[in-house]
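Worksheet for the structure shown next.
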Amino acid sequence: MDHHGNGETGLELRLPPSLWAATARPAPRTAKLDSDIEADVVVIGGGFTGLRAALELAEGGVAVAVCEAGEPGWGASGRNGGQVNPLFNILPEEVIRCVGPVFGPRLIRAVIESADELFGLVRRHRMVCEAEQKGWIQAAHCRPAIGVIDRRRRGWSQAGADIVALGKRELRERAGTAAYDAGILVKRGGSVQPLSYARELAAAALGAGARIYHGARAELLRQERTCWHVRCGKFGVRAKFVLLCTNGYTDGLWPGLEETIVPLISAQAATEILPESTLAEILVNRETLADTRRVVFYTRKVDRCRLVFGSRGNSDFAGGAADIARMRAGIARVFPQLASARMEFCWSGRIAYTPDHLPHLHEPAPGLLIGLGYNGRGVAMSTVMGRVLAERALGKPAEELTFPTTPLRRIPLHRFRRLGVRIATGWFGLRDELDRRISTLLHRR
Ligand SMILES: Cc1cc2nc3c(=O)[nH]c(=O)nc-3n(C[C@H](O)[C@H](O)[C@H](O)COP(=O)(O)OP(=O)(O)OC[C@H]3O[C@@H](n4cnc5c(N)ncnc54)[C@H](O)[C@@H]3O)c2cc1C
């Protein structure tokens, strides 16, 4: 496969040097777009959303072509924490308030079942991607957050999720950290090796008959009477449907879409290989962990021998010195016993934030479908969205889908987002730390 830097967009098209890239399944054979082609559906973006959609469509007997600017899994899908977290941060009643009494219950059910859907897909296609459904712990970083996760546990349990409360002692025993006083265990959660999962999705889609093109950046999207034309450099694809699955990497391809999300940078670091005994008391049942910080800390063990730790990032591709320093500080806070561990990899990518904290499905023109905005919970939800996009392209009426089809809503003052994100994350990080310190002080008395 060729790898190129893209001078025009400034985006690197190699994979960032991550733990996932170093240990993933080999990439499946994808093609170069070297002629004009036709398809029933063209998918733009080869992450979990686009690849799941391509798989479903190909299995449904549809001629589908995926145009991916880098290679399958190049975006967030090949770089994330691999945490399969079947829960929104907002409560079920807020979901209903946002999307109404028809779509609300459907969306709630889809979230609760999202991890089962992913693991079921992995099993059905015998994907080799280190998939484990061992649960996800969400830990409260300060006293007020204990009330928040308790309401979350009660609300989502009532809606059908399998969640139990964890006290400080249980957290210490299960997770090997004394940094949190309380948490919840979401039992259907789990983990995957994300780049392997993306590649296995791509391999399954190819096996079902999909065509996948790497290095195929869609530069122009044009409607021509009853069909769409997607131009990627010298060549193009003509199709009846376009699925736009570019999430945090969305640019100006479709007017106004970029302004509906805020791309945020998340970074992760993986430690060097550590003696198994060092990690024996950490996340003993191989659960994953994320906390309630506004600038979240998330972590998991990989292969019993490394810790992967993530939080907000500065650099957009390979983690820089500031990112490594931030991950080190986070590890020292949560697992002080690992404070001196060397970081062997650090990398980052873009997530797409939406103001209502919900994923969005749009159909701004006949035959153009868009699914994005997973707010850092996209491993499971993009897998669901890909299926839903495929269902729509296969003819399911919009009113029967899992997600409501909403108009594009531009975020006010979007052009100041970079500055806004910098100020907000700095301020939120400060508030997280203040909350923690105040809680510790008050608790001591
Ligand atoms: C560091 C990090 C950690 C995360 N951790 C977790 C986690 O633990 N759990 C969780 O649930 N979620 C997590 N997420 C979020 C999750 O990874 C995403 O929500 C999910 O991968 C989104 O998948 P996607 O297919 O929609 O987008 P992406 O995987 O980002 O794919 C979009 C693709 O579109 C391509 N593209 C863009 N423009 C064009 C164009 N014009 N033409 C062709 N191709 C184009 C890009 O190259 C890219 O490959 C994390 C994200 C990051 C960055």
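In whole angstrom, and with the biggest value first, how far do the Cα coordinates of the chain range along each principal axis?
Projected onto its principal axes, the Cα set of the chain covers 72, 47, 44 Å.
Give me the net charge for the shell around ASP291: Cβ to Cβ below 11 angstrom, other residues only, Lys and Arg +1, Asp and Glu -1.
+3
Which whole-Hz couplings ³J(HN,Hα) result when phi for each residue of segment 156-167 is put into the Karplus expression 6.51 cos²θ - 1.76 cosθ + 1.60, θ = phi - 60°, listed in order with x for Gly and Pro?
Here the 3J(HN,Hα) series is 6, 5, 4, 7, x, 7, 9, 10, 10, 7, 10, x Hz.
On full extension of the chain, what length is gained from VAL102 through ARG294, given 0.36 nm per residue of separation minus the C-alpha to C-alpha distance?
Answer, rounded to one decimal: 66.1 nm.
Of the heavy-atom accessible surface of the chain (probe 1.4 angstrom), what whole percent is carbon and sulfur?
Whole-percent figure for carbon plus sulfur exposure: 52.
VAL296 accessible area, nearest 10 Å², 1.4 Å probe?
The accessible area comes out at roughly 50 Å².
Charges only on Cβ, +1 for Lys and Arg, -1 for Asp and Glu: so what's the dipole of the chain about the Cα centre, in debye to the nearest 20?
1220 debye
Put +1 on the Cβ of every Lys and Arg and -1 on every Asp and Glu Cβ in the chain; which of GLY376, PRO336, LEU185 then has its Cα farthest towards the positive end of the dipole?
So the residue furthest toward the plus end is PRO336.
Using a simple spin-label model with points 7 Å from Cα along the Cα→Cβ vector, what separation in nm is obtained for GLU224 and ARG409?
For GLU224 paired with ARG409, the spin-label model returns 3.7 nm.
Work out from phi, with θ = phi - 60° and the Karplus expression 6.51 cos²θ - 1.76 cosθ + 1.60, the ³J(HN,Hα) of each residue of segment 122-131, listed in order in whole Hz, and give x for Gly and Pro.
After applying 6.51 cos²θ - 1.76 cosθ + 1.60, I find 4, 5, 4, 9, 6, 6, 9, 8, 6, 6 Hz.
When you count, for each residue, the other Cβ atoms within 10 Å and take the mean per peptide, how do 258-265, 35-42 rank with the highest first?
Ranked by mean Cβ neighbours within 10 Å, highest first: 258-265, 35-42.
Which value in nm describes the separation of the simple spin-label points at ASP34 and GLU363, placed 7 Å from the Cα toward the beta carbon?
Spacing of the two 7 Å Cα→Cβ label points: 3.8 nm.
Taking the convex hull of the Cα atoms, report for segment 133-247 its projected area averaged over all directions, in nm².
Spelled out: convex hull of the Cα atoms, projected over all directions, averaged, 11.9 nm².
For the chain, report the accessible area per residue in Å² (1.4 Å probe, heavy atoms, rounded to an integer).
For the chain, the per-residue accessible area is 42 Å².
Mean separation of Cα pairs under 8 Å and 6+ residues apart, divided by the residue count of segment 240-386: what relative contact order is that in percent?
After rounding, I find 31 percent.
Calculate one ³J(HN,Hα) per residue across segment 369-386 by plugging θ = phi - 60° into the Karplus curve 6.51 cos²θ - 1.76 cosθ + 1.60, and present them in order as whole Hz with x for glycine and proline.
Per-residue couplings from phi come out as 10, 9, x, 6, x, 9, 6, x, 10, x, 4, 7, 6, 6, 5, 5, 4, x Hz.
Order of 400-406, 246-252 by packing, highest average Cβ count within 10 Å first? Present the calculation step by step, with values, prior to reporting the outcome.
Values: 400-406: 17.1, 246-252: 20.9.
Sorting 400-406, 246-252 by mean packing, highest first, produces 246-252, 400-406.
Work out the FRET efficiency for ARG238 and ALA332 from their Cβ-Cβ distance, taking R0 = 56 Å, and round it to the nearest 0.05. Display every interim value, and only then the final one.
Details: r = 55 Å, r/R0 = 0.98.
Working from the Cβ atoms, E equals 0.55.
What net charge do the residues around LEU338 carry, taking every other residue with its C-beta under 12 Å from that of LEU338, with Lys and Arg at +1 and Asp and Glu at -1?
+3
Within 15 Å, Cβ to Cβ, of ALA393, how many net charges do the neighbouring residues add up to if Lys/Arg are +1 and Asp/Glu are -1?
Spelling it out: positives minus negatives among the neighbours equals -1.
Once you put a point 7 Å from the Cα of GLU344 and another 7 Å from the Cα of THR23, both along the Cβ direction, what distance in nm separates them?
A separation of 0.8 nm, rounded to one decimal place.
Would you calculate a helix-derived [θ] at 222 nm for the chain, using -39,500 (n - 2.57) for each DSSP H run of n ≥ 4 and dividing by the full residue count, to the nearest 500?
Mean residue ellipticity at 222 nm (helix-derived): -10500 deg cm²/dmol.
What percent does the relative contact order of the chain come to when contacts are Cα pairs within less than 8 Å and at least six residues apart?
22 percent
Once you have the Cα-Cα distance between ASP251 and THR278, take 0.36 nm times their residue separation minus that, and quote the gain in nm to one decimal.
Net length gain for the segment: 5.3 nm.
If r is the Cβ-Cβ distance from GLU173 to LEU442 and R0 is 30 Å, what FRET efficiency results, to the nearest 0.05?
With a Förster radius of 30 Å, E is 0.75.
The values are calculated or read from the model by the stated rules, or taken from the named source; none is laboratory data. Not measured: the values here are computed from a predicted model. FYI the Cβ positions are ideal-geometry reconstructions off the backbone, even for glycines, and counts take in every protein chain you see. Each accessible area value is taken on the protein alone, full model and side chains, heavy atoms only, with ligands, DNA and RNA left out. Shrake-Rupley method; radii C 1.70, N 1.55, O 1.52, S 1.80 Å.
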